[in-house]
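Novice: Sharing a structure with you now.
Values quoted throughout were computed directly from the atomic coordinates according to the rules given, and no laboratory measurement underlies them. On a predicted model such as this, the values are computed, not experimentally measured, just so you know. Glycine also receives a Cβ, built like all others from the backbone with ideal geometry; neighbour counts cover every protein chain displayed.
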Amino acid sequence: MTLPFLIIIPLFGAFSMPIVSLLGKKIKEYWAVIVSGATLAVSAKIFYTVWKTNEIILYTLGSDSPIGKGVKFPIRIVWEVDLFGALLALTIAFVGFLAVIYSLGYMKHDTGLEKYYTLILILELGMLGIVITGDIFNFYVFLEIMSIASYALVAFRNDTWEGIEAGIKYMFVGSLASSFILLGIALLYGQYGTLTMSYLAIKIAENPTLVAKIALAFFIGGLLFKSGAVPVHMWLADAHPAAPSSISAMLSGLVIKAGGVYAVARIVFGIFNPGLHAYLRAFNAPAVNMDVIGWVIVFFACLTLLVGNAMAVVQTDMKRLFAFSSVGQIGYILLGIGIGTLAYGTKAGELALAGAIYHIVNHALIKALLFLVAGAVIHQVGTKNLNELSGLAKKMPLTTFSFVIGAAAIIGLPPLNGFASKWIIYESSAMYNPVLAAIAVVGTVFSLAAYTRVLFTFLGRESDMIKEAKEPEKSMIIPMLILVAVIIVMGLLPWQISDKIMVPTARMLEQLNGEYIMALLKFIGGA
Amino acid sequence: MFGYWDALYFLYAFLIGLIISYLLMKWAEKVSMGTRRTGDGTKIYISGEDQDKVIPHFEHLSGYFTGRHVMWGLIRGVHRMFLVFRREHTGLLTDYVAYLLITIAIVLGALVIGG
Amino acid sequence: MIPLQFITAFLMVFMGIYAFLYKRNLIKLILALNLIDAGIHLLLISLGYRLENGILPTAPIYTGYETLKGTPMVGPIPQALVLTSIVIGVCVLSLAMALTINAYRHYGTLDVNKLRRLRG
């Protein structure tokens with residue numbers, strides 16, 4: 001059973017870091033690399049197992065069976081990993097590993113590094129926990145672990161006003177959003193008396209109430225905040241540029257996915273929609289009108305992809321531009337999930353979900369690459385103002401090459417991986433409603449304008465600021481080149497990946513026959 | 001598959017497109033009104049709203065609008081949209097909280113009424 | 001009839017939200033955050049309360065006592081949840097305090113409306 005090691009290894013690594021750092025200056029960095037590398041290996045093993053067997057792994061903490069002694073319902077904490085969770089765990093561990101390697105060079109001049117590596121491992125642990133958990137209060141605990149680590153990391157450079165201000169705004173409003181999520185959990189517990197997601201789904205299907213709807217509204221509202229949808233995207237645009245670049249890569253690439261979009265999809269499909277299984281359909285399921293949820297998500301998605309990409313055009317700060325672009329890309333993912341909810345059970349819905357999942361993975365890789373490029377530029381030149389950065393292409397050719405690949409991929413140029421996922425989202429939204437596809441294309445036009453500006457800045461006339469600039473050291477170049485290689489390789493076989501991985505993942509998330517719920521129901525013996 | 005009456009769909013789409021483009025043109029015409037510098041502090045009142053200050057040899061511009069006006073109007077409109085977006089990002093914590101509450105209120109309202 | 005503790009809990013949450021919208025001092029905002037958390041904790045803990053045959057239930061840690069006397073016990077899960085949530089609340093509180101001290105160092109004020117160099 002390898003699943004618990006996904007949490008144990010980073011947890012042990014994080015809290016042994018202060019002791020390990022006593023042994024020597026360099027050792028703590030190697031320790032962080034070893035721990036995150038081991039996590040990557042474990043997550044790859046779990047992903048391969050789930051993908052090969054196509055079955056949900058159910059793991060109970062502290063016992064063999066989730067059912068309590070003498071009662072007929074699950075009371076223990078359950079971890080439930082389907083293909084969606086395993087895929088995200090692999091992405092998180094991969095990008096986290098590269099961010100740790102990048103930190104070796106990038107954070108060399110900072111102090112308090114043992115705290116930095118502790119926090120980065122805790123951040124990774126929180127995200128991994130979110131994607132594997134099957135218990136809703138456990139989900140809240142991991143969400144808060146992730147959130148607190150990211151608040152602290154945004155304000156890590158506390159000698160600058162930018163980090164502190166962004167950290168305060170992120171932290172206060174983020175804690176309020178978390179409180180709303182906790183309120184939703186309290187309401188669900190009070191009404192149904194259970195915290196296990198799958199059992200909650202059965203209970204809600206048997207007896208849908210107004211309380212469940214109110215709880216769902218609190219979940220969606222709080223999680224839209226965590227994923228940075230418009231109009232609650234403003235903390236994102238402040239916090240992501242203020243963090244150190246390796247952290248920005250993790251925040252933009254992973255945190256808003258694991259803590260936001262993944263959780264929205266899991267709660268909507270795992271708890272409130274029991275699929276088309278006969279036993280669960282026998283009640284008046286689904287408990288909540290799926291059309292209303294779908295249109296709410298699509299509404300916020302359209303707003304997000306228009307405003308996010310449009311705001312990216314007018315920024316002069318490179319990292320702020322990337323952050324707004326992240327807001328825009330979250331819009332595409334939410335659009336995919338919304339259409340998957342609306343067109344549930346049809347071809348378009350499955351395709352939209354597959355596109356959304358594909359775009360989650362692609363955007364994690366691309367945005368991590370772009371923020372690492374921005375970090376390399378800041379590290380070597382010392383500014384992130386686009387007006388002062390013209391002409392970098394001659395001085396830093398490898399960095400510029402990485403940027404060109406990343407920008408082309410995020411706009412969606414054909415030979416790269418961003419094209420396939422965006423194309424699937426366009427196609428499925430056009431199949432459902434052509435107006436939505438038109439809005440999505442308008443968003444891409446803004447995105448193109450924003451990245452073209454940065455590209456022309458890089459290729460333009462040389463400015464005074466960059467006379468001394470040269471390529472960064474190896475530990476910063478290598479993660480960028482690995483990401484470039486992955487983006488190109490994934491771009492070369494888009495449809496194979498889509499058919500082999502993304503569509504089965506979408507099927508498992510969609511759980512037409514209630515597989516996610518049935519995995520637990522086996523233990524109860526009912527149905 | 002493709003029936004006789006399905007052709008009406010294209011007519012319908014065409015009519016909606018016509019209406020949208022008319023509204024867009026009207027909007028662009030309104031937005032494009034204003035002053036434009038030509039140098040040395042002279043101003044040309046393109047829309048002719050100020051009859052006394054129309055500059056000689058530019059009289060033909062008053063009261064008309066051309067494709068160029070529509071283009072400028074669209075550019076100015078988009079620019080104004082960006083300005084509005086930027087102004088909304090006030091950086092006040094209170095506003096962030098208010099937006100969070102509004103979002104939750106929208107979702108809650110939609111789910112309680114329609115769900 | 002809605003029990004009084006539920007009304008109190010929601011009142012506390014709304015008081016916290018009011019403070020978030022209308023107060024400007026960072027310390028007061030931290031208090032507001034804790035007030036909201038406390039309200040939700042009150043809601044959770046009162047979910048575990050029940051009256052069985054007119055006997056007040058005991059806390060779940062006295063399991064031996066319960067079997068001896070035959071008295072009922074309150075729901076144990078809400079107490080575990082609230083304990084976890086209090087720990088999280090303390091983390092958030094201490095981090096918020098640390099950030100507030102740093103903000104005072106950089107801006108010379110605790111007025112949250114003065115912290116607005118990041119915009120646009």
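Novice: Quick check on chain A: helices-only [θ] at 222 nm, where DSSP H runs of length 4 and up contribute -39,500 (n - 2.57) each and the sum goes over total residues. Nearest 500, please. Each step should come with its number before you reach the end.
Specialist: Working: 23 runs with 376 residues, N = 527.
When only DSSP H runs of four or more count, the value is -24000 deg cm²/dmol.
Novice: Given R₀ = 35 Å, FRET efficiency for C:Leu93-A:Glu471 by Cβ-Cβ distance, to 0.05? Don't skip to the answer; put the middle values down first.
Specialist: Values: r = 44 Å, r/R0 = 1.27.
Rounded to the nearest 0.05, the efficiency is 0.20.
Novice: For C:Lys28, which lysines qualify as cross-link partners when the Cα separation must be under 19 Å and same-chain residues fewer than eight apart are set aside?
Specialist: Candidates past the 8-residue exclusion: A:Lys169, C:Lys114.
Novice: Same structure, new question: Using +1 on the beta carbon of Lys and Arg, -1 on that of Asp and Glu, and nothing else charged, what's the dipole of chain A about the Cα centre, debye to 20? All intermediate terms of the calculation are to be shown ahead of the outcome.
Specialist: Values: 34 positive and 28 negative charges, 63 e Å.
That gives chain A a dipole magnitude of about 300 debye.
Novice: Need the full-extension length gain, A:Asn433 to A:Glu206, defined as separation in residues times 0.36 nm minus the C-alpha distance. One decimal, nm. Can you show the working numbers first?
Specialist: Values: separation 227, 0.36 × 227 = 81.72 nm, distance 3.25 nm.
Full extension of this stretch gives 78.5 nm more.
Novice: What is the average number of partner chain Cβ atoms found within 10 Å of a Cβ in C:41-47? Each step should come with its number before you reach the end.
Specialist: On the way: counts 2, 1, 6, 8, 1, 2, 6.
Neighbouring Cβ atoms belonging to other protein chains average 4 per residue here.
Novice: Send over the Kirkwood Rh of segment A:95-190, from the inverse of the averaged 1/r over different Cα pairs, rounded to one decimal Å. Walk me through the intermediate numbers first.
Specialist: Details: mean 1/r = 0.0682 Å⁻¹.
Its Kirkwood hydrodynamic radius stands at 14.7 Å.
Novice: Using the structure shown, list the pairs from A:Lys257/A:Lys347; A:Lys395/A:Lys422; A:Lys26/A:Lys115; A:Lys108/A:Lys257; A:Lys52/A:Lys367 with a Cα-Cα distance above 21 Å, or answer none.
Specialist: Exceeds cut-off: A:Lys257/A:Lys347; A:Lys395/A:Lys422; A:Lys108/A:Lys257; A:Lys52/A:Lys367.
Novice: Still on this structure: Which loop trypsin sites (Lys or Arg not before Pro) in segment A:2-32, with loop taken from DSSP, have no more than 13 other Cβ atoms within 10 angstrom of their Cβ?
Specialist: Values: sites: A:Lys25, A:Lys26, A:Lys28; in loops: A:Lys25, A:Lys26.
The qualifying sites are A:Lys25, A:Lys26.
Novice: Quote to one decimal, in nm, the extra length available between A:Asn513 and A:Met1 on full extension: 0.36 nm per residue of separation minus the C-alpha distance between them. Each step should come with its number before you reach the end.
Specialist: On the way: separation 512, 0.36 × 512 = 184.32 nm, distance 2.64 nm.
My answer for the length gained is 181.7 nm.
Novice: How high is the relative contact order of segment A:1-116, in percent, counting Cα pairs under 8 Å that sit 6 or more residues apart? Mind dumping the intermediate values first?
Specialist: Numbers: 105 pairs, mean separation 32.8, N = 116.
Here the relative contact order equals 28 percent.
Novice: Here is a further query. Provide the three semi-axes, in whole Å and in decreasing order, of the ellipsoid equivalent to segment A:5-526 as defined by the square roots of 5 times the Cα gyration tensor eigenvalues.
Specialist: On the way: eigenvalues 271, 137, 79 Å².
Its equivalent ellipsoid spans semi-axes of 37, 26, 20 Å.
Novice: Another question about this same structure. Quick one: Kirkwood hydrodynamic radius for segment A:410-484, alpha-carbon pairs, angstrom, one decimal?
Specialist: Details: mean 1/r = 0.0650 Å⁻¹.
The answer is 15.4 Å.
Novice: In addition: Calculate the dipole size of segment A:424-477 relative to its Cα centre from +1 charges on Lys and Arg beta carbons and -1 charges on Asp and Glu beta carbons; express the result in debye to the nearest 20.
Specialist: Charge dipole of segment A:424-477: 60 debye, to the nearest 20.
Novice: Let me ask another. Label points 7 Å out from Cα along the Cβ direction at C:Phe14 and C:Ile86: separation in nm?
Specialist: Here the modelled spin labels are 2.7 nm apart.
Novice: If you count, for every residue in B:79-90, the Cβ atoms of partner chains within 10 Å of its Cβ, what is the mean?
Specialist: Partner Cβ neighbours, averaged per residue: 4.
Novice: Through the Karplus equation 6.51 cos²θ - 1.76 cosθ + 1.60, θ set to phi - 60°, convert the phi angles of segment A:207-212 into ³J(HN,Hα) values in whole Hz; use x for Gly and Pro.
Specialist: 9, x, 10, 5, 4, 4
Novice: Additional query: Please give, to one decimal in nm, the separation of the simple spin-label points placed at C:Arg116 and A:Ile19, each 7 Å out from Cα toward the Cβ.
Specialist: With each label placed 7 Å out from Cα toward Cβ, I get 4.9 nm.
Novice: As I understand it, the value is the acute angle between the Cα axis of helix A:434-459 and the longest principal axis of the Cα atoms of chain A; what does it come to in degrees, rounded to 10?
Specialist: Helix A:434-459 sits at roughly 20 degrees to that axis.
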